[in-house]
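First the structure, which I've put down as structure tokens, then a few questions once you've had a look.
The values are calculated or read from the model by the stated rules, or taken from the named source; none is laboratory data. Note that the structure is a prediction, hence the values are computed from the model and not measured. Counting neighbours? That spans all protein chains shown, and the Cβs are built from the backbone with ideal geometry, glycine included.
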Amino acid sequence: MHIKHLLVLPLAVALLGGCSPTYNWRDYTSSDGAYQVLFPAKPASHTRSVDLGGIRVDMTMTAAEVEGSTFAVGTALAPDPVLAQATLPAMRRALLRNIGAPEEAADAAGGAGMLKPPSIGAALDVDATGKGPGGPVRLVGRFTAKGARVYQIIVVGKPGAAPPEQIAQFLTSFKPQ
């Protein structure tokens, strides 16, 4: 009889462990109401001043990490809608430079192409592999603007760490307000 109890306990622990999802998706609305998105875990936010192609703005990054991949939305308010659109290539170049990936490699990659074009104006997509402090890094995302507000919606982590369907769910759930 005691052997049955010894076998049941590990089985129960294994089954309960399987009930804890790695991706715990939750609706998130930014504190200023600028966007809604699904995050795969509880996000945290940080604001700092950045230079976006010669335009100094305060950018708020809200991010959550799951199994070594960071899912993040950055947003800033440009002085006007024309300048907002002009900052998009600078945001994209800065992130590519951070991982040491050339723009040509980002344009040739195909993962971000799975996204449907946004309905909020011109957008720049990226899917690039570069190097981080811990080795290879993959960056998948979208840079877009609505009015004077700019957005970067990105997933960054080790290549293959985040399943494609999880990346797509995050990126396509983004809705500007």
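Could you please give the count of residues in the range 39-55 that are in contact with a Ser or Thr (Cβ under 6 Å, 6 or more places away or on another chain) and farther than 17 Å from F143 by Cα?
Qualifying residue count for the region: 3.
Return yes or no: is T87 within 25 Å of Y23 (Cα to Cα) and hydroxyl-bearing (S, T, Y)?
When the stated conditions are applied, T87 does not pass them.
On to the next question. Of the residues in the range 46-82, how many are crowded, with 20+ Cβ neighbours inside 10 Å and among the hydroxyl-bearing types (S, T, Y)?
Number satisfying all stated conditions: 3.
Can you say whether T22 is at pLDDT below 95, under 18 Å from the mean Cα position of the chain (by Cα), surrounded by fewer than 18 Cβ atoms within 10 Å (Cβ to Cβ) and not acidic (D, E), as far as the supplied structure shows?
So T22 fits the description; yes.
Note down all Cβ pairs under 9 Å where the first residue falls in the range 37-51 and is of a type in the set (D, E), the second is not in a strand (DSSP E or B), and they're at least six residues apart or on different chains.
These pairs meet every condition: D51/A90; D51/A94.
Still on this model: Taking the condition of being over 19 Å from the mean Cα position of the chain (by Cα) and either small (G, A, S) or part of a helix (DSSP H, G or I) (or both), how many residues in the range 55-82 meet it?
So the count comes out to 3.
Identify all residues within the range 94-110 that are buried (at least 17 other Cβ atoms within 10 Å of the Cβ) and either part of a helix (DSSP H, G or I) or modelled with pLDDT of 85 or more (or both); write none if there are none. Don't jump to the end; show me each part of the working.
We begin by selecting, within the range 94-110, every residue buried (at least 17 other Cβ atoms within 10 Å of the Cβ); these are 95-96, 99, 101, 106, 109.
The answer is L95, L96, I99, A101, A106.
Any residue in the range 60-83 that's free of Cβ contacts under 8 Å to residues at least 40 places away in the same chain: show its pairings with residues that are β-branched (V, I, T) and in a strand (DSSP E or B) at Cβ separation under 7 Å, as long as the two are six or more apart or on different chains.
What qualifies is T60/T47; T60/T75; T62/V73; A63/T70.
Also, I was wondering about something else. Let me confirm something: among Q85, Q169, Q152, which residue is modelled with pLDDT of 95 or more, surrounded by 15 or more Cβ atoms within 10 Å (Cβ to Cβ) and outside any strand (DSSP E or B)?
Details: Q85 fails: modelled with pLDDT of 95 or more; Q152 fails: outside any strand (DSSP E or B).
Answer to the selection: Q169.
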